[in-house]
Amino acid sequence: PDLGEEVGRYQTVEQDHGIAQSLDMTTLLPLARLAIEHGTKVEATVQIRNVNRVVGTITGSEVTKKWGAEGLPEDTIRITFQGSAGQSFGAFIPRGMSFRLEGDANDYFGKGLSGGKLAVCPPEGSPFRPEQNMIIGNVALYGATRGEVFVGGMAGERFAVRNSGVDAVVEA
């Protein structure tokens, strides 16, 4: 249809998705650099907040670029997170990356998991009973193909829908 000059037809505003300030760019990539470059084992504990989305995806991409679809040896990059993870925690992470979350996670936990390991449990001393409370959100493991997942609590709706090979345990 005919549109007036006031209607933008092409990009008119620069987008800033905050990738440079993401947890991957500011914390995980520097921590994992030796593992990515040389296969050296690394281990760390990192605080996480629910505004931290797609945590691990950029780091996992770097692992895959360097090491291919098979990734790194198991548990080369081991990170313990403490807090509440935002959407898509551990999305697409490859073999060699192992994330433990002491807290809870939003929707799409482990989306597209590609060989990595994810574990989530309540923090030590938590006042609630995990078998009676949601600890991960809806649609966890959507499209996941490989890896292992351990959930110490209840999972939201549509857990492991379209799972194509991940071994998953929910203790609820």
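The values are calculated or read from the model by the stated rules, or taken from the named source; none is laboratory data. On a predicted model such as this, the values are computed, not experimentally measured, just so you know. In this analysis, Cβ positions are derived from the backbone assuming ideal geometry, glycine residues included, and neighbour counts consider all displayed protein chains.
Output the residue which, of all residues in the stretch 1-32 that are closer than 17 Å to residue 54 by Cα and among the β-branched types (Val, Ile, Thr), is surrounded by the most Cβ atoms within 10 Å (Cβ to Cβ). Here the answer is 27. Of the residues that make up the stretch 123-135, is at least one of a type in the set (Gly, Ala, Ser) and over 28 Å from residue 40 (Cβ atoms)? The answer is yes; a qualifying residue exists. Among the conditions (1) assigned to a strand (DSSP E or B); (2) surrounded by fewer than 18 Cβ atoms within 10 Å (Cβ to Cβ); (3) out of contact with any Gly (no Cβ under 8 Å at 6 or more places or on another chain), residue 168 misses just one, which is (2). As a summary of the residue check, residue 17 satisfies the conditions (1) at pLDDT below 95; (2) over 26 Å from residue 137 (Cβ atoms) except for the one numbered (2). Restricting the stretch 14-43 to residues that are outside any helix (DSSP H, G or I) and of a type in the set (S, T, N, Q) leaves a set whose member that is nearest to residue 97 (Cα to Cα) is 40. For the stretch 111-131, the set of residues classified as touching a residue at least 40 places away in the same chain (Cβ under 8 Å) and on the phi < 0 side of the Ramachandran plot consists of 113, 114, 116, 117, 123, 130, 131, listed by residue number. Counting only residues that are under 20 Å from residue 163 (Cα atoms) and not in a strand (DSSP E or B), the stretch 127-152 holds 10 of them.
Here the stretch 150-165 is the region considered, the condition is being within 16 Å of residue 122 (Cβ to Cβ) and within 17 Å of the chain's Cα centre (by Cα), and the residue that is surrounded by the fewest Cβ atoms within 10 Å (Cβ to Cβ) is 150.
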